There are 2 protein chains.
Amino acid sequence: MSVTVRGNGVALRPHLKTAKSAEVARIATAGEAGGITVSTLAEAEYFAGHGFRDILVAAAQPPQKLKRAAKLQGRGVKITLATDNVDMARAIAAHHGELEVLIELDSGDNRAGIKPDDPSLLEIGRALGNNLAGVMTHAGHSYECRNSDCISRIADDERSTVVSASSQLREAGMRCDVVSVGSTPTMTYARNLDGVTEARPGVYMFQDLMQVEIGTCTKGDIALTVLASVIGRNESENRVLIDAGALALSKDRSTQATPHDAGYGEVWDLGGHVSLGPCNVQRVYQEHGVVTSSEPLPFEQLVIGAKVRIGPNHACITAAAHDRYYVVDGGIDVIAEWDRINGWREVS
Amino acid sequence: MSVTVRGNGVALRPHLKTAKSAEVARIATAGEAGGITVSTLAEAEYFAGHGFRDILVAAAQPPQKLKRAAKLQGRGVKITLATDNVDMARAIAAHHGELEVLIELDSGDNRAGIKPDDPSLLEIGRALGNNLAGVMTHAGHSYECRNSDCISRIADDERSTVVSASSQLREAGMRCDVVSVGSTPTMTYARNLDGVTEARPGVYMFQDLMQVEIGTCTKGDIALTVLASVIGRNESENRVLIDAGALALSKDRSTQATPHDAGYGEVWDLGGHVSLGPCNVQRVYQEHGVVTSSEPLPFEQLVIGAKVRIGPNHACITAAAHDRYYVVDGGIDVIAEWDRINGWREVS
């Protein structure tokens, strides 16, 4: 991703909402000066505590959390927030002149942000005054694509949305240094990032089954799996029970609407290989997963206590079920443990 | 639940997999001597550390975790495990004579357990030898009911399954002191628990929107909500954005197949009242929730920063996204913080 993004002449500001790990962040920012992106103030506090000094909090915050953001800024960390609301812009400008702010645009995702032709763009810009640092958008609807042409078209929309907004702000005499875009699919297949200054992909660090369906990676690229053990066998119904269920895998069903519905995850052998046939976790209960297959399961391998690895539908959500990573390097021996920042409480 | 279960002459062994909190467990076991039920060894270790001395681990464990269970038993805690597998029964009997074990039966849930007419019932019983303490089942398929008659019929199946198994074991000269059943729906509407010795309901402590659909409670009984703030408004599309998404609410969609699909949760006012109209969280992203309504949203209330409470589809899964409870008593002032045991790592 570093090579791809730099090849487009853009700074990489990797989104750490997936990995939430200082160790992973250090790998992602090696050789880059663009800082990082996070989605919560707890993440910002955690990464600040690990030496990161330039942090964009890309999810809008409510006004009651501005003091907490400003406190972090007071610790010598450059904090940038995002807003699409003029009341929030006024609240920031009135009380927190030290915070940088990006105006959030909607490039088609239909979640947050204003459209680039919305007259409130200039109103928010004026309300922010000296707090205004630039514009941002996230083309999350690239996840609906199933081929690179579709993704490239959405990447064009993503780019043109923020470039249009930045032009309007500059023409009105306002500052717009930062023009920020990003998702793993659009940054993988963008054909042109002219006018963009930084990119914020995140899930590329681990990849997952949904990214395979979108076409941004292959299964061999997936770095995150959940280790589970066989705790039950039912040969007559061609299923085994594992000790990873809704809490260990999450209830994310991202691949449900794709040609390869993986249930709650694909079941691989302990080495991470697809040697067990087309095995999926078909149902989950809180601590149980029911594994089935369209072919006869290899019961000789799936003895009670046998370990398997579950490839996740959506790495961001599955990783959040765990408080650390057990790091392996090509084998099964754990060579390191890396912590994560979960939850929303203030990290002092 | 205590009154209902005792009214049937049965001991309450509340399942703490939902609450995972020592404070909640103390309330649930007040006046009871039946011990508690948990679903992981981490929960067992946590509750043992808080003085609980009789713990059933109701989810089957793999053989590599037997030492960990035995270690807890060595700390003076009576640990009971469950199995439906003869190899596991032999492993326990060979190496861990100190552990009590229940044979798990399938009363129609189609998850774990053997059918009561399975010849391996007696084989597992004999393999367990002195470790055999009794039988158990969980009628999880009661969640498919939408009225009390349906639940009562499943409660009958749940009871007859374990009573039949207990009779077969006793007739074969084996010990079967414990005859254990339980789910919140079946324990609420069981007409007859003759032959049953203990009940293991769990979600009744908090209740949730799925339990409302099943018919075991009303919305006013739901004790668990997620506090969230409005972070975005889109009046033209009749939606607001809140700062609680997939990680804070979970991606559980239990009510999807019911007459009242609540999306990812119902949106109530700060006091927990249904004063905002038929508001649901329709979509979630990692940290964003999109709130919509079939009626015009009350935008005058839903200003930026306004707080709302989200009623959960499934309390067990939503609660697991958080590391503590903020306890309120009829109002909005926090009167206590109660911790939770999450994850699977050993609690020393």
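Absence of a disulfide-compatible partner, taken as no other cysteine beta carbon within less than 4.7 angstrom, is noted in the protein assembly as shown for A:CYS176, A:CYS217, A:CYS279, A:CYS316, B:CYS176, B:CYS217, B:CYS279, B:CYS316. B:GLY51 label point (Cα plus 7 Å toward Cβ) to equivalent points in the other copies: 4.6 nm, shortest first.
Between copies, the label points at A:GLN256 (set 7 angstrom from Cα along Cα-to-Cβ) are spaced 0.1 nm, reported in nanometres from shortest to longest. Taking a ≥ b ≥ c as the square roots of the eigenvalues of the alpha carbon gyration tensor, region B:40-198 is oblate, as a/c is not under 1.5 and a/b does not beat b/c.
State, as an integer percentage, the relative contact order of region A:89-219 based on alpha-carbon contacts under 8 Å between residues 6 or more apart.
Across region A:89-219, relative contact order equals 24 percent.
For chain B, the residue among B:GLY35, B:ILE151, B:SER180 whose Cα projects farthest onto the positive side of the dipole built from Cβ charges is B:GLY35. Let me check I've understood the local charge: for A:ALA22, count other residues with C-beta under 11 angstrom from its C-beta, Lys and Arg +1, Asp and Glu -1. What total comes out? Every neighbour counted, the sum reads 0. Loop only per DSSP, at most 14 neighbouring Cβ atoms within 10 Å: give me the GluC sites (Glu not before Pro) in region A:225-327, ordered by residue number. Sparse-neighbourhood loop GluC sites (Glu not before Pro): A:GLU300.
For region A:57-92, a decrease in accessible area of 20 Å² or greater in the assembled protein chains relative to the isolated chain, with a 1.4 Å probe, applies to A:ALA59, A:ALA60, A:PRO62, A:PRO63, A:GLN64, A:ASP84, A:ASN85.
Highest GNM mean-square fluctuation among B:TYR264, B:TYR285, B:TYR325, for chain B modelled with Cα contacts below 10 Å: B:TYR285.
Model label sites at A:GLU337 and B:ARG75, defined 7 Å from Cα along the beta-carbon direction, differ in position by 1.6 nm. Taking 0.36 nm per residue of separation and subtracting the current Cα-Cα distance, fully stretching the chain between B:ARG324 and B:GLN64 would add 90.6 nm.
Please report the buried accessible area for the interface of A with B, total over both chains, probe 1.4 Å, in Å² to the nearest 100. Approximately 4100 Å², summed over both chains. Pick out which of B:GLY35, B:GLY232, B:GLY263 has the largest mean-square fluctuation in a Gaussian network model of chain B, springs linking Cα atoms closer than 10 Å. Ranking B:GLY35, B:GLY232, B:GLY263 by mean-square fluctuation puts B:GLY232 first.
Past 23 Å, Cα to Cα, is the threshold; run A:LYS219/A:LYS307; B:LYS20/B:LYS78; B:LYS65/B:LYS115; A:LYS20/B:LYS20; A:LYS307/B:LYS20 against it and keep the listed order. Over 23 Å apart, Cα to Cα: B:LYS65/B:LYS115; A:LYS20/B:LYS20; A:LYS307/B:LYS20. With both labels modelled 7 Å from their Cα along Cα-to-Cβ, the A:LYS115 to B:GLU237 distance reads 1.0 nm. Only helices enter this figure: runs of n ≥ 4 DSSP H residues, each worth -39500 (n - 2.57), summed and divided by the residues of the protein assembly as shown, yield -7500 deg cm²/dmol at 222 nm to the nearest 500.
The other copies place their A:LYS307 label points at 4.4 nm from this one, listed shortest first, where each point is 7 Å from Cα along Cα→Cβ. Where a ≥ b ≥ c are the square roots of the eigenvalues of the C-alpha gyration tensor, would you call chain A rounded, which needs a/c under 1.5, or, failing that, prolate if a/b is larger than b/c, or oblate? Judged from the Cα gyration tensor, chain A comes out prolate (a/c at least 1.5, a/b above b/c).
Considering only B:ASN192, B:ASN85, B:ASN234, the mean-square fluctuation computed in a Gaussian network model of chain B, springs between alpha carbons under 10 angstrom, is largest for B:ASN234.
Closest approach of a chain B Cβ to the axis relating B and A (residue, whole Å): B:LYS251, 2. With contacts taken as Cα pairs under 8 Å at a separation of at least 6 residues, chain B carries a relative contact order of 16 percent. Taking a ≥ b ≥ c as the square roots of the eigenvalues of the alpha-carbon gyration tensor, region B:260-341 is classed oblate because a/c is 1.5 or more while a/b is no larger than b/c. Positive contributions from Lys and Arg (+1) and negative ones from Asp and Glu (-1), summed over other residues with Cβ under 10 Å from the Cβ of B:VAL212, come out at -3.
How high is the FRET efficiency from B:LYS219 to B:ASP177, r the C-beta distance, R0 35 Å, rounded to 0.05? With a Förster radius of 35 Å, E is 0.30. Using Cα-Cα distances under 8 Å and only pairs 6 or more residues apart, what relative contact order does region B:160-205 have, in percent? Relative contact order for region B:160-205 comes out at 38 percent.
Amide H contacts of B:THR80 (H built 1.01 Å from N, in plane; Pro and chain starts excluded): B:ILE55, B:LEU56, B:VAL57 sit under 5 Å, all sequence-distant by 5 or more or on other chains.
Counting only heavy atoms of the protein chains, get the accessible area per residue of chain B (1.4 Å probe) and round it to a whole Å² value. Averaged over the residues of chain B, the accessible area is 38 Å². Dipole magnitude for the protein assembly as shown: computed about the Cα centre from +1 point charges on Lys and Arg Cβ and -1 point charges on Asp and Glu Cβ, it is near 1220 debye.
The values are calculated or read from the model by the stated rules, or taken from the named source; none is laboratory data. Since we're looking at a predicted model, the values are computed, not measured. Virtual Cβ from ideal backbone geometry, glycine too; neighbours counted across all protein chains shown. All accessible areas refer to the heavy atoms of the entire protein, side chains included, with ligands and DNA or RNA removed. Shrake-Rupley method; radii C 1.70, N 1.55, O 1.52, S 1.80 Å.
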